1. Could you do me a favour and compute the accessible area per residue for the range 61-202, 1.4 Å probe, result in Å²?
2. How much mean residue ellipticity at 222 nm does the chain get from its helices, if each DSSP H run of length 4 or more adds -39500 (n - 2.57) and you divide by all residues, to the nearest 500 deg cm²/dmol?
3. In what sequence, highest mean first, do 26-35, 116-125 appear when ranked by Cβ atoms within 10 angstrom?
4. Taking the 0 to 90 degree range and rounding to the nearest ten, how far is the long axis of helix 109-122 tilted relative to the main principal axis of the chain, both from C-alpha atoms?
5. Among the lysines, select those whose C-alpha is under 21 Å from the C-alpha of LYS15, and discard any that sit fewer than 8 residues away in the same chain.
6. Which three semi-axes in whole Å describe the equivalent ellipsoid of the chain, each the square root of 5 times a Cα gyration tensor eigenvalue, listed largest first?
7. Given charges of +1 on the Cβ of Lys and Arg and -1 on the Cβ of Asp and Glu, with all other atoms neutral, how large is the dipole of the chain about its Cα centre, in debye to the nearest 20?
8. At 1.4 Å probe size, with the rest of the protein present, what percent of the exposed accessible area of the range 61-202 is carbon and sulfur atoms?
Amino acid sequence: MTSQRTRERLIQRLKEQGITNQRVLDVMRMTPRHLFLDEALSHRAYEDTALPIGYGQTLSQPYIVALMTEILLSLGPRKKVLEIGSGSGYQSVVLAQLVDQVYSVERIKPLIDKARERLRLLGLRNVRFSHSDGGFGLPEYAPYDAILSAAAPNVVPEELLHQLGPDGILVIPVGPGDVQELLVITRLGDSNNFEERVVEKVRFVPLLGGTTR
Ligand code: SAH
């Protein structure tokens, strides 16, 4: 179930869906997604579907993780990345293998505790988790070369745009309701001008305000 063959099948599927970045595919092939799920669900870890992680939240679908990561790297290497919605920590681990430093914010405390433990077990030291409301970004460590949100706000939070560095890229699902648009917003040089494009329709959990213990 967690065999190399099962993982390879997932990678094949990602390629068929249009993922071409070899580094992203390699990292996803090597990342043990089953460690990010409860044991009862781990046999489904290499299916290309979102899966529940408790607290009404989900581990993102592999295709979406691959797509967002590929877009995030599309303008060249990124050093410092902010992730909003750590959840299980799976996306954080994928990013941690592709960029220098990841800052990851999550509003549900027990999810952060579990994610931290998983990263420790995997020996990854370049992810810093914060228990806070990612709707305000994470100003302490801004600016970021890229920001990726795994939760959907109704409109793009201004704070996230302010926290993007020169040529920074923001990948975020936006819109009310169950289906949103995946947006890619790029800061043009060090100006205050941004370019926006819509990638495709996606399904994310909503970005909620405040934090819970
Ligand atoms: N990337 C995660 C996906 C988690 S789902 C994974 O691979 O497991 C999205 C997460 O966003 C949920 O854990 C949810 O609690 C979190 N979230 C929602 N609103 C938030 C906010 N305002 N600030 C931080 N995290 C938020």
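The values are calculated or read from the model by the stated rules, or taken from the named source; none is laboratory data. If you're wondering where the values come from, they're calculated on a predicted model, not measured in any experiment. Every residue, glycine as well, gets a Cβ built from its backbone with ideal geometry; the counts of neighbours run over all protein chains shown. Just so you know, the surface numbers come from the protein's heavy atoms only, side chains and all, with ligands and any DNA or RNA stripped out. Shrake-Rupley method; radii C 1.70, N 1.55, O 1.52, S 1.80 Å.
1. Working: 5760 Å² over 142 residues.
Normalised by residue count, the accessible surface of the range 61-202 is 41 Å².
2. Numbers: 6 runs with 59 residues, N = 213.
After summing the helix terms and dividing by residue count, I get -8000 deg cm²/dmol.
3. On the way: 26-35: 17.0, 116-125: 13.3.
Top to bottom by mean Cβ count within 10 Å: 26-35, 116-125.
4. That helix lies at roughly 60 degrees to the long axis.
5. Cross-link targets: LYS201.
6. On the way: eigenvalues 124, 75, 55 Å².
Semi-axes, largest first: 25, 19, 17 Å.
7. Details: 25 positive and 25 negative charges, 163 e Å.
Roughly 780 debye for the chain.
8. Values: 2860 of 5760 Å².
Carbon and sulfur together cover 50 percent of it.
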